[in-house]
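Take a look at the structure below.
The values are calculated or read from the model by the stated rules, or taken from the named source; none is laboratory data. Fair warning: this is a prediction, and the values are worked out from it, not measured in the lab. Cβ placement follows ideal geometry from the backbone for every residue including glycine, while neighbour counts extend to all protein chains displayed. What goes into the accessible areas is simple: the full protein's heavy atoms, side chains included, and nothing from ligands, DNA or RNA. Shrake-Rupley method; radii C 1.70, N 1.55, O 1.52, S 1.80 Å.
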Amino acid sequence: GAGVSQSPSNKVTEKGKDVELRCDPISGHTALYWYRQSLGQGLEFLIYFQGNSAPDKSGLPSDRFSAERTGGSVSTLTIQRTQQEDSAVYLCASSLALRGAEQYFGPGTRLTVT
Amino acid sequence: QKEVEQDPGPLSVPEGAIVSLNCTYSNSAFQYFMWYRQYSRKGPELLMYTYSSGNKEDGRFTAQVDKSSKYISLFIRDSQPSDSATYLCAMSGRSGGGADGLTFGKGTHLIIQP
């Protein structure tokens, strides 16, 4: 079956612009996660959605970051007023509700802020 | 001290060799232990998923968890050039990565020489 899909695969933006990243989880997976992978930093957990429940936003790096999930499926991660330190690969993962440690990742969106 | 320590490598071995990859961790609450393989410019691919201490085998891959030592390993038998990738260990304190997500090591870069 289809895996996790993300778009765009690459995004180059100017400092100060807003960007929106999209994630489409595996069908039937109610849990969705966003991570950020920076060179030398490894994968950093950002936010988690379970179904339509309100997420815990405490893992987001700053208030410029926000995320939403519509209809318990597709999710968007929005970064406002991008900064150069936001340059990274943004990865989305999904899992079944009761097997949340078994996460399946998408290919990621490579964000470059110039 | 970081929660999860993983030697970044690179680790270079000849084709056919047995590869041993390891992670140590400090959080005794971790119960679920995963290994991911990540090719360059791709998303992480789940290889092994284990719960608590013990061994799990899947084809050429064997995962070992020693919770008393807070040490996990991944063994690759009959290594192939196609195994060349970055291997990431990941851990979780509950069946859901949940609001805490997964905690990752920084990854070991493995090179299998033909």
Next on the checklist: Can you classify chain A as rounded, prolate or oblate using the Cα gyration tensor, where a ≥ b ≥ c are the square roots of its eigenvalues, rounded means a/c under 1.5, and otherwise it's prolate if a/b beats b/c and oblate if not?
Outcome noted: prolate
Checklist entry - With charges set only on the Cβ (+1 for Lys and Arg, -1 for Asp and Glu), what does the dipole of the range A:25-79 come to about its Cα centre, in debye to the nearest 20? => result 60
Next on the checklist: Give me the percent relative contact order of the range B:4-94, please, defined on Cα pairs under 8 angstrom at least 6 residues apart.
Outcome noted: 38
Checklist entry - Put +1 on the Cβ of every Lys and Arg and -1 on every Asp and Glu Cβ in chain B; which of B:92, B:109, B:38 then has its Cα farthest towards the positive end of the dipole? => result B:92
Checklist entry - If the chain between residue B:12 and residue B:69 were fully stretched, how many nm would it gain, using 0.36 nm times the residue separation less the Cα-Cα distance? => result 17.9 nm
Checklist entry - How high is the relative contact order of chain A, given as a whole-number percent (alpha carbon pairs under 8 Å, six or more residues apart)? => result 38
Checklist entry - So in the protein assembly as shown, what percent of DSSP beta bridges are antiparallel if you round to the nearest 5? => result 90
Checklist entry - Which whole number gives the average count of other chain Cβ atoms within 10 Å of the Cβ atoms across peptide B:41-50? => result 5
Checklist outcome for this item: Plugging the Cβ-Cβ distance of residue A:18 and residue B:3 into 1/(1 + (r/R0)^6) at R0 = 35 Å yields, to the nearest 0.05, a FRET efficiency of 0.60
Checklist entry - Net charge near residue A:52, counting Lys/Arg +1 and Asp/Glu -1 over other residues with Cβ under 14 Å of its Cβ? => result 0
Checklist entry - Label points 7 Å out from Cα along the Cβ direction at residue B:28 and residue B:53: separation in nm? => result 1.3
Item to check | Sum of side-chain charges, residue B:24 neighbourhood, beta-carbon under 11 Å (Lys, Arg +1; Asp, Glu -1) | outcome: -2
Checklist entry - Given A:95, A:113, A:40, which one lies farthest toward the positive end of the charge dipole of chain A, if we put +1 on the Cβ of every Lys and Arg and -1 on the Cβ of every Asp and Glu? => result A:113
Checklist entry - Of the listed peptides B:65-78, A:63-76, what is their order by residue-averaged count of other C-beta atoms within 10 Å, with the highest listed first? => result B:65-78, A:63-76
Checklist entry - Assigning unit charges at the beta carbon (Lys, Arg +1; Asp, Glu -1) and nothing else, what dipole magnitude in debye, to the nearest 20, does the protein assembly as shown show about its Cα centre? => result 220
Checklist outcome for this item: Toy charge model, Lys and Arg Cβ at +1, Asp and Glu Cβ at -1: the range A:5-108 dipole around Cα centroid in debye, rounded to 20, equals 60
Checklist entry - Accessible area per residue, 1.4 Å probe, Å², for the protein assembly as shown: what's the number? => result 47
Next on the checklist: Relative contact order for the range A:64-104: what percent, with Cα pairs under 8 Å and sequence separation of 6 or more?
Outcome noted: 26
Checklist entry - So if we plug the beta-carbon distance of residue B:82 and residue A:98 into 1/(1 + (r/R0)^6) with R0 = 35 Å, what FRET efficiency do we get, rounded to 0.05? => result 0.60
